[in-house]
Amino acid sequence: MGKRIGILILSIIIISCSAKSSDSNKVDGNTKLETKIDDLVANMTIEEKIGQLTLRGTSSRVKGALPDSLKQAVREGKIGAFLNVMNLDYVNELQQIAVEESPKGIPLMFSRDVIHGFKTIFPIPLGLAASWDAETAKNSARVSAVEVSSVGVRWTFSPMLDIARDSRWGRIAESPGEDPFLASVLAKAYVQGYQGDSLNNHTSLAACAKHFIGYGAAIGGRDYNTAIISEPLLRNVYLPPFAAAVNAGAQTIMTSFNEVNGVPASGNTFILDTVLRDELKFDGFVVSDWESVTEMINHGYAADEKHAAELAVNAGLDMEMTSKSYEKYIKVLIEEGKISEDQINFLVKNILRVKFKLGLFETPYVPKNHNGDLYAEDHLNKAEDAAVKSSVLLKNNDILPLKRNVKVAVIGPLASKPHEQLGTWTFDGDETHTVTPIDAFKKSSVNYDFVEGLSYSRDNSTKNFNAAIAAAKASDVILFFGGEEAILSGEAHSRSNTNLPGAQEDLIKALAKTGKPIVLIIMAGRPISISNIINDVDAVLMAWHPGTMGGIAIEKIIFGDAEPGGRLPVTWPITAGQSPIFYNHKSTGRPPKAESFVQMDSIKVGAWQSSLGNTSHYLDIGYEPQFPFGYGLSYTTFEYSDLKLSQNTISNDETLTVSATITNMGNREGEEVVQFYIQDVVGSITRPVRELKGFERILLKSGASQEVTFKISAQDLKFVNNTMKYVVEPGLFNVWIASNASTGLKTSFNYK
Ligand code: GLC
């Protein structure tokens, strides 16, 4: 039986108008712990309290002795946590000062961005999302936690749970994709992986669900930009992954850089108190993003640093990352009555609660025998498996898998780039451990000739084209490794044009003239617009930035020892001009269809202005994406048949089952990600044309069939309407069991 991700009961997003919450209903009922925390806070000075609210940034490249001023600040209890102290000696030295010399002996927390691996690097998170596999995501988190905790880090700024609908946005690379259901499944898996079975284990990390909230909705895909999101959209699309993370026990949340409907997240009482504390009952702590508290001045929301501190404290932001408004102004703000010491106590308690749960008071130091098993075989195997499951086969004109006796011309700027292959947010990944495709070809004695043709992804020089063409002519097949250098996606790296950079398209077109078949393997941090060359290549494999073991995974896929297991977690646009583009869009009053599509060149010169009968599409590229959400080929084919409903109507708490039979029609075993979608046809607010509500990865031998069943109840039909009520409304619902968001077996039922 496959791994069933049945109907995930998304966290009940309780819409409450409750009065401002008090301490008592915020904690998880552990009164013994709360008493300990209360007693500790009751004996702390205001300076010591402010210290706990302070996250000091450092550079992981700092060398030599730690500055005495830093050690003295710790000694006086003026710092509660550090970011980027990546030297165990430094960690132990600072921790010893905090625990043994500071007034209250409160241990420090050490943090790092371990997003998809510490030393053993997994595919970028968008790639992990393409695995549609909770276990794969959990493996990445667990291996990261075991490895990085060996250098004293017990808090990671991951998972990033920003729904991303725009491939221009650089941080789509770090995202769980465009769908709230898939993102929620991954959120739970990541939190479980990072935090382990018990938080106080020395290999457990406090997870940090980020960036709260709506960061991926930045206008134009321009990082840090404005997010204008209606409250129903915020609750129906952007909030569920964070609710899932909180329900899975995530201990920390990070605020996003962006404003949410005019109020920057770091000073936003509605999202930080009403939604996070009162509705989701979050009892961990909220940390700002890097200087996002004082960036409220740039936003035009805070007049100065003192005002920024006042806004953030009163909104419920517990810890300030790297900017210093809290340590400078909290004391005077209390004296001026602009913030209360009660509120400061509340913030401090949230932080101490996490430190206690991590076991830092009992065990502040890394056990001597904990070496993190860096690059352990099990870690590398899990990273390789993740790279296989994440790779998405987008096109295959029966060219893949290759036979091992072929002569291959390996061309392109990314076939042997150990650093680029690791992708964004891999500060600690060691590229000397990367297995590139060329390394893998060497190991498996593939008969290949390697001529890059371009030396890096942005290279515009054609001086090596002839050498590449000559190698192509002398081969049976061309493997073109193209895409983006790691630095072309990630934070602050959005692109308005998402085509292959440099002269890659020119080189592909020149190679196509040789008549040799071309397999394009893309390493990139986003869907790449390949419409200019899609007809010049015979196969396309999206490997994302596949991490340490990416070369092995790609080699196994290319030669058929493994099959590409991925399915798209984002809609793949024809061109960036289509962005934002996503499957769970609204129908509109003029939904596009083939018969109403007006192709630009079909319009007569001087044509009379007319729009009647026209629908929502682009004159030049129409209305379909290059590839739909959920799409991915395998090395066999699957037939969907025999769609069945257990009944045609349900009401109240009845459950309906929907099933279909999936048959492997090919001559080799294969995995399929069977997807379950619904549509609420008529609603009190317009509803998406499809919504993912379940999926199951199944493995079928050649010729085998399996019935796949999904259960659905009123709970799964609920949405937040315009009065912010979480409701299910009577009416017709369409359902699909499908292989992607643009196809599938369809039927309907009524909810009464
Ligand atoms: C960055 C990122 C955030 C990261 C933090 C600490 O600016 O926005 O995701 O965790 O700073 O490195």
> For the range 661-752, with only Lys/Arg (+1) and Asp/Glu (-1) charged at the beta-carbon, what is the dipole magnitude about the Cα centre, in debye rounded to 20?
Replying inline: 200 debye
> In the chain, with Lys and Arg counted as +1 and Asp and Glu as -1 at Cβ, which of these residues, Phe450, His211, His370, has the Cα nearest the positive end of the dipole, that is, farthest along it?
Replying inline: Phe450
> So what is the orientation-averaged projected area of the range 297-443, using the convex hull of its C-alpha atoms, in nm²?
Replying inline: 16.4 nm²
> Tell me, Met523, Met600, Met44 in order of fewest to most beta-carbon neighbours within 10 Å?
Replying inline: Met600, Met44, Met523
> Name the chymotrypsin sites (Phe, Trp or Tyr not before Pro) in the range 389-480 that are in a loop by DSSP and that have at most 16 other C-beta atoms within 10 Å, would you?
Replying inline: Phe427, Tyr456
> So what's the range 371-433 giving for Rg/Rh, alpha carbon basis, Kirkwood Rh from the mean inverse pair distance?
Replying inline: 1.03
> Pairs of lysine in the range 631-750 with Cα under 28 Å and at least 8 positions apart or on different chains: total?
Replying inline: 15
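Charges at C-beta only: +1 for Lys and Arg, -1 for Asp and Glu. How large is the resulting dipole of the chain about its Cα centre, in Debye rounded to 20?
Approximately 1040 debye in magnitude.
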> Which ³J(HN,Hα) values, rounded to whole Hz and listed in residue order, are derived for the range 476-488 from phi using the Karplus coefficients 6.51, -1.76 and 1.60 in 6.51 cos²θ - 1.76 cosθ + 1.60 with θ = phi - 60°, glycine and proline given as x?
Replying inline: 8, 8, 9, 9, 9, 9, x, x, 10, 4, 4, 6, 8
> Share of antiparallel DSSP beta bridges in the chain, in percent to the nearest 5?
Replying inline: 55 percent
> Mind checking which lysines have their C-alpha under 17 Å from Lys403, skipping anything on the same chain fewer than 8 residues away?
Replying inline: Lys442, Lys443, Lys516, Lys556
>> Compute and list, largest first, the equivalent-ellipsoid semi-axes of the range 49-168 from the alpha carbon gyration tensor, each √(5λ) rounded to a whole angstrom.
In response: 32, 15, 13
> With the radius of gyration and the Kirkwood radius both derived from the Cα set of the range 230-345, what is their ratio Rg to Rh?
Replying inline: 0.97
>> What whole-number distance in Å separates the alpha-carbon centres of the range 573-633 and the range 307-348?
In response: 50 Å
> Could the peptides 681-689, 88-96 be put in order, highest first, of the mean number of other beta-carbon atoms found within 10 Å of their residues?
Replying inline: 88-96, 681-689
> Hey, which lysines would be in cross-link range of Lys355, C-alpha to C-alpha under 18 Å, not counting anything within fewer than 8 residues on its own chain?
Replying inline: Lys26, Lys32, Lys36, Lys49, Lys78, Lys104
> For all pairs of alpha-carbon atoms in the range 598-752, what percent lies in each bin of width 5 Å, listed from the first bin to the last filled one?
Replying inline: 2, 8, 15, 16, 14, 12, 11, 10, 7, 4, 2, 1
> Under unit Cβ charges (Lys, Arg +1; Asp, Glu -1), what dipole magnitude, rounded to 20 debye, does the range 258-357 have relative to its Cα centre?
Replying inline: 400 debye
> Tell me, what is the Rg over Rh of the range 666-752, with Rh the Kirkwood radius over Cα pairs?
Replying inline: 1.08
> How much length is gained if the chain between Ala42 and Asp68 is pulled fully straight, taking 0.36 nm per residue apart and subtracting their Cα-Cα distance, in nm to one decimal?
Replying inline: 6.4 nm
> When the distances between all Cα atoms of the range 571-669 are binned every 5 Å from zero, what whole-number percent does each bin get?
Replying inline: 2, 9, 12, 13, 12, 13, 14, 11, 6, 4, 2, 1
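Counting Lys and Arg as +1 and Asp and Glu as -1, what is the net charge of the other residues whose Cβ lies under 12 Å from the Cβ of Ile115?
Here the count lands on -1.
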> From the Cα gyration tensor of the range 683-732, with a ≥ b ≥ c the square roots of its eigenvalues, which class applies: rounded if a/c is under 1.5, or else prolate if a/b is larger than b/c, or else oblate?
Replying inline: prolate
> Which order results if Arg142, Arg75 are arranged by neighbouring Cβ count within 10 Å, fewest first?
Replying inline: Arg75, Arg142
> When only Cα pairs under 8 Å and 6 or more residues apart are kept, what is the percent relative contact order across the chain?
Replying inline: 14 percent
> Per the Kirkwood treatment, what hydrodynamic radius in Å, one decimal, follows for the chain from the mean inverse distance over all distinct Cα pairs?
Replying inline: 27.1 Å
>> Could you list Ile351, Ile37 so that the one with the fewest beta carbons within 10 Å of its beta carbon is first and the one with the most is last?
In response: Ile37, Ile351
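Among the helices of the chain (complete DSSP H runs), which have Cα atoms covering no less than 20 Å along the helix axis and a Kyte-Doolittle mean of at least -1.0? Don't skip to the end; give the middle numbers.
Numbers: long enough: 134-148 (21 Å, -0.09); 180-195 (22 Å, 0.49); 341-357 (24 Å, -0.18).
Span-like helices in the chain: 134-148, 180-195, 341-357.
Values in this text are rule-based calculations from the coordinates and carry no lab data. If you're wondering where the values come from, they're calculated on a predicted model, not measured in any experiment. A quick note on method: Cβ atoms are made from the backbone with ideal geometry, for glycine too, and the neighbour counts reach across all protein chains shown.
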